[in-house]
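Right, one structure below, let's go through it.
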Amino acid sequence: MSEKKQMSEHRASIEELLKAGTHFGHLTSRWNPKMKSFIFMKRNGIHILNLHQTQKYLDEAAEVATRYARRGKRILFAGTKKQAQEIIRKHAKASGSPYVVERWLGGTLTNFATIRKSIRRMEDLAKMDEDGTLAELKKKERLMKSREREKLEKILTGIQDMARIPGAIFVVDIRREHIAVKEAKKLKIPIIAIVDTNCDPDLVDYPIPANDDASSSIDLITGIIANAILEGKAERDEYEAAAKAEKERVEAEAETKKKRARTVAKVEAVTKAKPEAAPTDAPAEKAADAEVAAEPAAEATADATAKAAPKVEKETAEAKK
């Protein structure tokens, strides 16, 4: 396989990873020894990540995201650091995924039932505002409920349509989002995450060794994961459409067979109702019927000819005179 073809199969080229600054790690004094296999070198007191490793693990993580989306599983995006918030919100929305970009509420995963109650409360407050109920309250009470709604919306809007525990979670900066990681591990929810040189990769099921501080690095990697999810959804939609078409074809074929069976049953019922219609070979039966039908016609023709002969002879003789 040519080098050009191999490059085309990667989610991101080495040049793209380099341009986004995914290779810059933390100060060497802040490193986690478990990241040693992902580090290429030290430069000016900073660890430099091996971009071939980044490329490899990014491909694997993206394939996992596609696989989960193909199965109908949702992936929760989590990243609350300032430079990651808008990036995560953008890509999560684009891929139709739930997200947390403000404060991670303890129990978001492990106490999901309570979180759903808070979401319903937020929706009730929004409904009160829409139907005018909120406007009818006293000023102080109205202000309290408005503030409550704003607070809930700020934290919960990203997971409002997350009806159940996600199939996996994508995290930017596992040190900052340690509560999210802890909850996911407790529930055995697969974790896909960007792991910098100061992180413990053993906490993650699918680590992506890369810079988790630079917005360009976060944007590139998060965008690739989001696109991978869209690919999985497209494949699922295609499969479901094909399955639906096949189901309709089978049902139509079955209905046709039923109609044919009903028609045959009616014909057999009519046939049995006629005593003279004895079961015989179809071609022979048709031939016999034709012969029987022809005999009376032949006899009638002979009689008519015999009766007409004297008259014809008389008319011929008169014509010759």
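I'm trying to understand the selection: among the residues of segment 168-216, which are among the basic types (Lys, Arg) and free of Cβ contacts under 8 Å to residues at least 60 places away in the same chain? Passing the criteria: Arg175, Lys182, Lys185, Lys188. Quick check: is even one residue across segment 17-37 assigned to a helix (DSSP H, G or I), closer than 30 Å to Arg236 by Cα, touching a residue at least 40 places away in the same chain (Cβ under 8 Å) and not aromatic (Phe, Trp, Tyr)? Looking for residues that are assigned to a helix (DSSP H, G or I), closer than 30 Å to Arg236 by Cα, touching a residue at least 40 places away in the same chain (Cβ under 8 Å) and not aromatic (Phe, Trp, Tyr), one finds at least one in segment 17-37, hence yes.
Does Leu143 count as within 24 Å of Ile169 (Cβ to Cβ), more than 28 Å from the chain's Cα centre (by Cα), modelled with pLDDT under 95 and in a helix (DSSP H, G or I)? No: the conditions fail for Leu143. The selection criterion, being of a type in the set (Val, Ile, Thr) and closer than 18 Å to Arg89 by Cβ, holds for Ile225. Looking at this structure, is Ala94 at pLDDT 90 or above, of a type in the set (Gly, Ala, Ser), closer than 28 Å to Ile224 by Cβ and touching an Asp or Glu at 6+ places or on another chain (Cβ under 6 Å)? No: the conditions fail for Ala94. Are any residues in segment 164-189 under 18 Å from the mean Cα position of the chain (by Cα) and under 15 Å from Ala61 (Cβ atoms), and if so, which ones? Those that are under 18 Å from the mean Cα position of the chain (by Cα) and under 15 Å from Ala61 (Cβ atoms): Gly167, Ala168, Ile169. In segment 110-129, what residues are under 29 Å from the mean Cα position of the chain (by Cα), in a helix (DSSP H, G or I) and either small (Gly, Ala, Ser) or under 25 Å from Val171 (Cα atoms) (or both)? Passing the criteria: Phe112, Ala113, Thr114, Ile115, Arg116, Lys117, Ser118, Ile119.
Let's see how each residue does on (1) at pLDDT 50 or above; (2) of a type outside the set (Lys, Arg); (3) closer than 30 Å to Ile192 by Cβ:
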position	(1), (2), (3)
Asn227	yes, yes, yes
Leu230	yes, yes, yes
Glu251	yes, yes, no
Lys259	yes, no, no
Lys272	yes, no, no
Pro279	yes, yes, no
Ala298	no, yes, no
Lys320	no, no, no
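From Gly107, Gly132, which residue is on the phi > 0 side of the Ramachandran plot, of a type outside the set (Val, Ile, Thr) and more than 30 Å from the chain's Cα centre (by Cα)? Please lay out each step first, then the result.
Working: Gly107 fails: more than 30 Å from the chain's Cα centre (by Cα).
Unique residue meeting the criteria: Gly132.
With the condition kept exactly as written, say whether any residue in segment 106-127 is under 16 Å from Ile229 (Cβ atoms) and touching a strand residue (DSSP E or B) at 6+ places or on another chain (Cβ under 9 Å). Within segment 106-127, none of the residues are under 16 Å from Ile229 (Cβ atoms) and touching a strand residue (DSSP E or B) at 6+ places or on another chain (Cβ under 9 Å).
Among the residues of segment 168-189, some residue qualifies, meaning at least one is assigned to a helix (DSSP H, G or I), buried (at least 16 other Cβ atoms within 10 Å of the Cβ) and in contact with a Gly (Cβ under 8 Å, 6 or more places away or on another chain). Does Gly79 fit the bill of being closer than 30 Å to Asp237 by Cα, surrounded by fewer than 21 Cβ atoms within 10 Å (Cβ to Cβ) and not aromatic (Phe, Trp, Tyr)? Criteria not met by Gly79. I want to confirm something. Restricting to segment 138-172 and keeping residues that are in contact with a helix residue (DSSP H, G or I) (Cβ under 7 Å, 6 or more places away or on another chain) and among the charged types (D, E, K, R), which single residue is farthest from Arg103 (Cα to Cα)? Checking each candidate, the answer is Arg142.
Filtered by the rule that a residue be assigned to a helix (DSSP H, G or I) and either surrounded by fewer than 19 Cβ atoms within 10 Å (Cβ to Cβ) or within 9 Å of the chain's Cα centre (by Cα) (or both), segment 206-228 gives Ser215, Ser216, Asp219, Gly223, Asn227.
Go through segment 38-47 and count every residue that is outside any strand (DSSP E or B) and touching a Ser or Thr at 6+ places or on another chain (Cβ under 9 Å). Lay out the reasoning, then the answer.
Initially, segment 38-47 is screened for residues outside any strand (DSSP E or B), giving 38, 44-45.
Restricting the remaining residues to those that are touching a Ser or Thr at 6+ places or on another chain (Cβ under 9 Å) gives 38, 45.
Qualifying residue count for the region: 2.
The values are calculated or read from the model by the stated rules, or taken from the named source; none is laboratory data. Small disclaimer: the values here were computed from a predicted structure and weren't measured. Glycine gets a Cβ as well: all are built from the backbone with ideal geometry, and neighbour counts include every protein chain shown.
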